[in-house]
Amino acid sequence: MAETTLFLNALETAFPPDFITRERSELIEYGKDWTKNFAPDPLCVAFPRTTEDVSKLLRLCSEYGISVVPSGGRTGLAGGAVAAKKELVVSLKRMTHIGEVDAMARTLRVQAGAITEAIHHHCKPEGLTWPVDFASKGSSQVGGNIATNAGGVNVIRYGLTRQWVLGIQVVTANGDILELNGALEKNNTGIDLRQLFIGSEGTLGIITEATLKLAPLPGEEDVFLFAVPDLVPCSNSLSGPGPRRSPSKRSSFLPTTASRASRNTWAPGLRFPLPPPTTFCSKSNGRSRKVSPKNGSSRSWFPGS
Ligand SMILES: Cc1cc2nc3c(=O)[nH]c(=O)nc-3n(C[C@H](O)[C@H](O)[C@H](O)COP(=O)(O)OP(=O)(O)OC[C@H]3O[C@@H](n4cnc5c(N)ncnc54)[C@H](O)[C@@H]3O)c2cc1C
């Protein structure tokens, strides 16, 4: 019997019937991400519920030599979650548990399939947030965010995903379960393997749980739209003088051509209120009251500067 048939039989014996699907429409759906350049063609899709399921599954894949593609919210734009060569797709969509917020330690333990935006909603009543945020947050998963070391709209203020992950649980290709770094901020023991896994796009193992670090929710927010002659004043305003961090929470730089294109698509007929050539949009959290950008310089954002 061919190895893949033996593997599928072994899966049937080891797991309940709803654990895998070979339904054509689901193979197509779970075999691709947001990229459109590859035709999905996975062998099957598995839906584990626990870390132990993932461990048992990967042990079988290893035994039968089956390639594995971890799959989160499939919002990636680099083809990382595409399965086009008869791989087994491991979807984390059933591993969505979100634990209780530890408001004192400002931490949260979650399963890797938890949706990014669900975490924001979960932490909000405690006045806290996980500051990883972007347009795909309604579909992307924490595991995918960690695997891609995602940036997003808050990155200038808060940094990358790797700054907001205290510990992770991963399952390696041979089924071993590793706990990396625990939940302590001040942990300097040994080599930090957690950081090796963050951004490794599923190549080193499957992230099954994570302890996230939380930040206080920003208070009142102001939104600014500037017209500036080029990008230099924008980057000046974001870096700021001395060791102070930018008050800017979210920022985007929009050349006139791009803003015109997006207006034509989303708001046809609307006139852009600022002159060309470059526009700069920034959202700040109430600390940047003194705003009087002169001659395209935005140094004057910073209170007291
Ligand atoms: C509209 C839109 C806006 C976006 N904006 C941004 C942005 O501002 N900044 C940014 O960085 N990205 C952005 N992205 C890209 C994407 O949303 C992020 O990379 C996101 O973190 C991917 O998460 P996901 O759960 O969808 O992962 P997927 O696309 O499912 O997977 C991404 C990679 O991670 C691996 N993976 C997924 N889950 C796990 C796991 N549990 N363990 C191990 N490996 C895993 C996959 O195999 C794949 O290699 C955007 C995408 C869209 C569609």
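Could you rank the peptides 183-192, 20-29 by their average count of other C-beta atoms within 10 Å per residue, with the highest value first? Spell out each step's value before the answer.
Details: 183-192: 9.8, 20-29: 14.2.
Ranking, from highest mean packing down: 20-29, 183-192.
Find, among the GluC sites (Glu not before Pro) in the range 189-226, those assigned to loop by DSSP (not H, G, I, E, B) with at most 12 other beta-carbon atoms within 10 angstrom.
Loop-located and lightly packed - GLU220, GLU221.
Once label points are set 7 Å from the Cα along Cα→Cβ at both ASN174 and HIS97, what is their separation, rounded to one decimal in nm?
2.7 nm
Between the range 181-197 and the range 127-145, what is the separation of their alpha carbon centroids in Å?
Going from one Cα centre to the other spans 22 Å.
For the range 1-88, which chymotrypsin sites (Phe, Trp or Tyr not before Pro) are both in a DSSP coil and crowded by at most 15 other Cβ atoms within 10 Å? Before the final figure, lay out the partial values.
Working: sites: PHE7, PHE19, TYR30, TRP34, PHE38, TYR64; in loops: TRP34, PHE38.
Sites meeting the loop and neighbour criteria: TRP34, PHE38.
Would you mind checking LYS86/LYS213; LYS56/LYS85; LYS36/LYS85; LYS85/LYS213 for any pair whose Cα atoms are more than 27 angstrom apart?
LYS86/LYS213; LYS85/LYS213
Specify the inter-centroid distance of the range 87-101 and the range 12-75, based on alpha-carbon positions, in whole Å.
If you average the Cα positions of each part, the centres end up 12 Å apart.
So for the range 3-91, what percent of the C-alpha to C-alpha distances run longer than 20 Å?
Numbers: 1132 of 3916 pairs.
Here the tail beyond 20 Å accounts for 29 percent of pairs.
At ALA39 and LEU270, where each label point lies 7 Å from the Cα along Cα→Cβ, what is the point-to-point distance in nanometres?
Inter-label distance under the simple model: 4.1 nm.
If I model a spin label as a point 7 Å beyond the Cα along the Cα-Cβ vector, how far apart are those points for ARG24 and ILE191 in nm?
With each label point 7 Å from Cα toward Cβ, the separation is 4.8 nm.
Would you please name the trypsin sites (Lys or Arg not before Pro) within the range 82-133 that are DSSP coil residues with at most 13 other C-beta atoms within 10 Å of their C-beta?
Numbers: sites: LYS85, LYS86, LYS93, ARG94, ARG106, ARG109; in loops: LYS85, LYS86, LYS93, ARG94, ARG106.
Those that pass, being in a loop and sparsely packed, are LYS85, LYS86.
Kindly identify the range 46-104 as rounded, prolate or oblate by the Cα gyration tensor criterion: order the square roots of the eigenvalues as a ≥ b ≥ c, call it rounded if a/c is under 1.5, otherwise compare a/b with b/c, prolate if a/b is larger, else oblate. Walk me through the numbers before you get to the answer.
Working: a/c = 3.13, a/b = 1.45, b/c = 2.15.
In terms of gyration-tensor shape, oblate.
Grab the Cα-Cα distance for SER67 and LYS124, subtract it from 0.36 nm times how many residues apart they are, and report the gain in nm with one decimal.
Values: separation 57, 0.36 × 57 = 20.52 nm, distance 3.93 nm.
Between SER67 and LYS124, full extension yields an extra 16.6 nm.
Read-outs: derived from the displayed coordinates by stated rules, not from any lab. Here the structure is a predicted model, which means the values were calculated and not measured. Counting neighbours? That spans all protein chains shown, and the Cβs are built from the backbone with ideal geometry, glycine included.
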